[in-house]
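Remarks on the structure that follows.
Throughout, read-outs are computed from the coordinates displayed, never taken from laboratory work. What you are looking at is a predicted structure, and each value in this text was computed from that prediction instead of being measured. With ideal geometry, Cβ positions are generated from the backbone for all residues, glycine too; neighbour counts draw on all protein chains shown.
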Amino acid sequence: MMRLVIFLLALCPALFAAERPNIVLIFADDLGYGDLGCFGSTKIKTPHLDKMAAEGLRLTSFYAQAVCGPSRAALMTGCYPIRIGEPGNKKNQHTVMHPKEITMAEVLREAGYATACIGKWHLGEHAKDSPTGFDPATMPNGQGFDYFYGTPLFNGATVNVNDSKFRSTILRNEQVVTSAVESWDHITQDYTREALDFIRQQREKPFFLYLAYNMPHIPLGASEKFKGKSAGGLYGDAVEEMDWSCGEIINTLRELGLAENTLVIFTSDNGPWVETTRGMEPDGKAFIPRDHSGNADPLRGYKMLTWEGGLRVPCVAWWPGKIPAGTSSDAITSTMDLLPTFASIAGGKTPSDRVIDGRDLTPLLRDPATTASPHEAFYYYCFTHLQAVRSGKWKFVRKRPAHPPWVGWSGRFAGNAVNEFSLYDLDNDIGETTNVAAEHPEVLDRLRQLAHEARMELGDYDHTGSGARFFDGPAPARKAPGKAKGKVK
């Protein structure tokens, strides 16, 4: 009898682990809505992601944020970036999560998961006295990840590495392993190796892998096997190698017998960085060739802008036996929903002492055909500026000047003013070409009220929201800047 009890006790961890699925979250950088075959690309070949979509679910109204830092903060915390607390009560252009914020990694580690962040972080606070250059409390190991390998920031902000003095480091936990990256050709291969090693090492217990590729952000890179092979240029090469990597992840999960107990999500942090001339000025200096950036078709806009192409991103969810194969949903969903969704399937607890803007998507994943969005509205922020609201098929766009100075660096992209309240029917006008506000005044009024309520709770560039979090003393007052003058560079 005693032997039987010991045997059953020994089995308990394995049995419990089987009830809690592994979670793999793959996050591309600057990948456009139309850059995967399963989302319409004809130039870039993505057979592995296309197969994932055929075996799983496409979310076609899935939203991130307009730019890297805020997008990653929203993902990690399940909250709009303007709500998130930052060190010193600041509201940075690129969000720095306060150590008192609670991330999805912390939620899952508390639930018994091994956690790893492999790839780009871009949420740390600079610290001159730190060996890595960043405050450890704001880096992955301080925010719930057992293991980190990747870059603290981005690749760069130029087409070629040598066009700038900036060089990224690569860290392993709190150690610098590469002090200056001179070529990005092997970064995807490196991350894939690290990811597969982590999966194999943790195969006997539930794990959470956050695999945040640097690609296809400039400067681009692709290894010898992929460089020069895509009809989409070097950008296509980088995406096709990332697709190969996703195939390696799926194949390894199958080989280890983990496929049916693993949820895999693939998506992007924002739309494509399209800037053929600096600031897209007609007479501006040439900048990013079109074969170095992506495509948001059929959407309007791109990274930094709050037209659909800036925030709506491709998303594929794969979980054999749990998510119906070959399905799609146009319900409003977002990266903020992933924290409560992961907590739900992992048996974890979402933070009870603060508002979380995301919602549990488990019902939608299991029955995408009949499950509606859990959101009444989605709010489009450009950094700290609320610019639009979507509810159902309707999108309301607020007035704004050209080159608004309060959106900082991204103001250079917003060359055209929005001079009137606008309303778009996204079901029938996904490209946001026709303002139908005059035909639907009651819808316009309802969405304007939603925008007002969001401004009051979350905040805006000229208003501190009642629900924004400040951990370092009282909430600071926000004042409206002066009128926009000239162009922000």
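What the table shows:
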| item | result |
| --- | --- |
| Calculated SAXS-style log₁₀ I(q)/I(0) at q = 0.25 Å⁻¹ - the range 88-186, Debye, Cα scatterers | -1.36 |
| Calculated Rg and Dmax of the range 298-435 using C-alpha coordinates, Å | 17.0, 50 |
| Tilt relative to the chain, helix 68-77 - C-alpha long axis, 0 to 90 degrees, to 10 | 50 degrees |
| Compactness relative to 2.2 N^0.38 Å, alpha carbon Rg of the range 164-276 | 1.17 |
| Pairwise label distance in nanometres, ASN428 with GLN93, each label 7 Å out on the Cα-Cβ vector | 4.1 nm |
| Principal axis dimensions, largest first and in whole angstrom, of the range 378-464 by Cα | 33, 28, 18 |
| J(HN,Hα) series, the range 406-415, from Karplus relation 6.51 cos²θ - 1.76 cosθ + 1.60, nearest Hz, glycine and proline x | 7, 9, x, 4, 6, x, 5, 7, 8, x |
| Listed peptides 396-403, 443-450 by packing density, highest first (mean Cβ within 10 Å) | 396-403, 443-450 |
| Listed peptides 457-470, 226-239 by packing density, highest first (mean Cβ within 10 Å) | 226-239, 457-470 |
| Proximal charge balance of ASP427 [Cβ under 10 Å; K/R count +1, D/E count -1] | -2 |
| Relative exposure of GLU248, GLU182, judged by other C-beta atoms within 10 Å (fewest first) | GLU182, GLU248 |
| 30 Å Cα-Cα threshold exceeded, pairs from LYS90/LYS128; LYS205/LYS227; LYS43/LYS91; LYS229/LYS303 | LYS205/LYS227; LYS43/LYS91 |
| C-alpha center-to-center spacing [the range 198-267, the range 85-133] in angstrom | 23 Å |
| Ellipsoid equivalent to the range 35-155 - semi-axes via the Cα gyration tensor, in Å | 29, 17, 15 |
| Using alpha-carbon coordinates, inclination of helix 441-457 to the longest axis of the chain, degrees | 70 degrees |
| Among 74-85, 349-360, the order from most to least packed when residues are scored by Cβ within 10 Å on average | 74-85, 349-360 |
| Rg/Rh ratio calculated on Cα atoms of the chain (Kirkwood radius) | 0.96 |
| Karplus 3J(HN,Hα) series, Hz, for the range 223-238 with 6.51 cos²θ - 1.76 cosθ + 1.60 (x for Gly, Pro) | 6, 4, 5, 10, 5, x, 9, 8, 6, x, x, 4, 4, x, 4, 5 |
| Antiparallel %, DSSP beta bridges [both residues in the range 20-366], to 5 | 35 percent |
| Computed E for VAL176/ASN416 - FRET, C-beta separation, R0 41 angstrom, nearest 0.05 | 0.45 |
| Rg/Rh for the range 226-379, where both radii come from Cα atoms and Rh is the Kirkwood radius | 1.03 |
| Mean shadow area of the range 286-333, taken as a quarter of the surface of its Cα convex hull (nm²) | 5.1 nm² |
